[in-house]
1. What residue, among those in region 61-118 that are in contact (Cβ under 8 Å) with a residue 60 or more places away in the chain and part of a strand (DSSP E or B), is farthest from residue 49 (Cα to Cα)?
2. Residues of region 36-56 being outside any strand (DSSP E or B) and free of Cβ contacts under 8 Å to residues at least 24 places away in the same chain, which ones?
3. Here is a list: 87, 50, 79, 65. Which entry is at pLDDT 95 or above and within 11 Å of residue 113 (Cβ to Cβ)?
């Protein structure tokens, strides 16, 4: 039997002769299937870090409320505006899956948030 080594479907075939130097006669070859395309990412588990997320919300210079993709553990957020970390309590507050800025971000501001998912 001839086996194409790039065929990911053939599994557990017993070869009549050693395919490689040093392989014993009757060796069983198990070929691992090639990985397929990457699937959609699932939600993070409890206490899993979420890093560099861009929160959702209208960023127009007047809106102050932004939402995260997942609920987070209270006190675990680190919010950055244009690369500078905001201070929890004086620059922003936390709510259930959302943050509220004291000063609304401008449309040109880059907002990122790190947190532990709950």
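1. 112
2. 36, 37, 38, 39, 40, 41, 42
3. Exactly one of 87, 50, 79, 65 is at pLDDT 95 or above and within 11 Å of residue 113 (Cβ to Cβ), namely 79.
The values are calculated or read from the model by the stated rules, or taken from the named source; none is laboratory data. Treat the numbers as computed from the prediction; the structure is a model and nothing was measured. Please note: Cβ atoms are built from the backbone with ideal geometry, for glycine as well, and neighbour counts cover all protein chains shown.
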